[in-house]
Amino acid sequence: MKQFKYIINGNIYNVSVNQVEDTTAEVEVNGTPYKVKMDKPAKKEFVTIKRPAQAPTTTTGAPVVNRHAAETSAAALKSPLPGVILTVDCKVGDTVKRGQKLFVLEAMKMENIIPSDRDGQIVEIKVGKGDSVLEGADLVIIK
């Protein structure tokens, strides 16, 4: 049901269109029902339903699964907070596993273990024992 408000010659008309079939419309004007004949059939509104495309399958019917290639580019491990490096527990060329302890960082009189965030090899160490670092500073490059 659609509702409209018209002002004609200063008079207000509240019009509700209840139903439209071919050339006949059932409407209410200020609460009074009317059947209105039209010269042309009303335009029908078409709603296009977009369905998602079917997932690709193999010849056996199993879904195709694309796996992303492992990250191979070198990336820096960054300091999570400002502090002072107490120990460096790795050296250039070391192979490290995700979660392996690389540094101990003192921040606000607490010792924080900084682990590796990925598997890889140490390419470059950017800090040394006793260095002060800011939050977000590069500590080590892992490839």
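Things worth noting here:
- Counted as qualifying within region 71-143 are the strands (runs of 3 or more DSSP E) with 3 or more residues that are open to solvent by 40 Å² or more (accessible area, probe 1.4 Å) and out of contact with any Phe, Trp or Tyr (no Cβ under 8 Å at 6 or more places or on another chain), namely 110-115, 120-125.
- Strands (runs of 3 or more DSSP E) fully within region 1-63 counting 1 or more residues that are hydroxyl-bearing (Ser, Thr, Tyr) and open to solvent by 100 Å² or more (accessible area, probe 1.4 Å): 2-8, 32-37
- If you go through region 15-33 and keep only what is farther than 17 Å from residue 43 by Cβ and touching an Asp or Glu at 6+ places or on another chain (Cβ under 8 Å), you end up with 15, 16, 18, 33.
- When region 40-66 is filtered for residues that are charged (D, E, K, R), closer than 30 Å to residue 25 by Cβ and at pLDDT 75 or above, only 40 remains.
- Filtered by the rule that a residue be in contact with a Pro (Cβ under 9 Å, 6 or more places away or on another chain) and of a type in the set (S, T, N, Q), region 114-143 gives a lone residue, 132.
The values are calculated or read from the model by the stated rules, or taken from the named source; none is laboratory data. Not measured: the values here are computed from a predicted model. Because the Cβ atoms are built from the backbone with ideal geometry, glycine has one as well, and the counts that use them run over all protein chains shown. Just so you know, the surface numbers come from the protein's heavy atoms only, side chains and all, with ligands and any DNA or RNA stripped out. Shrake-Rupley method; radii C 1.70, N 1.55, O 1.52, S 1.80 Å.
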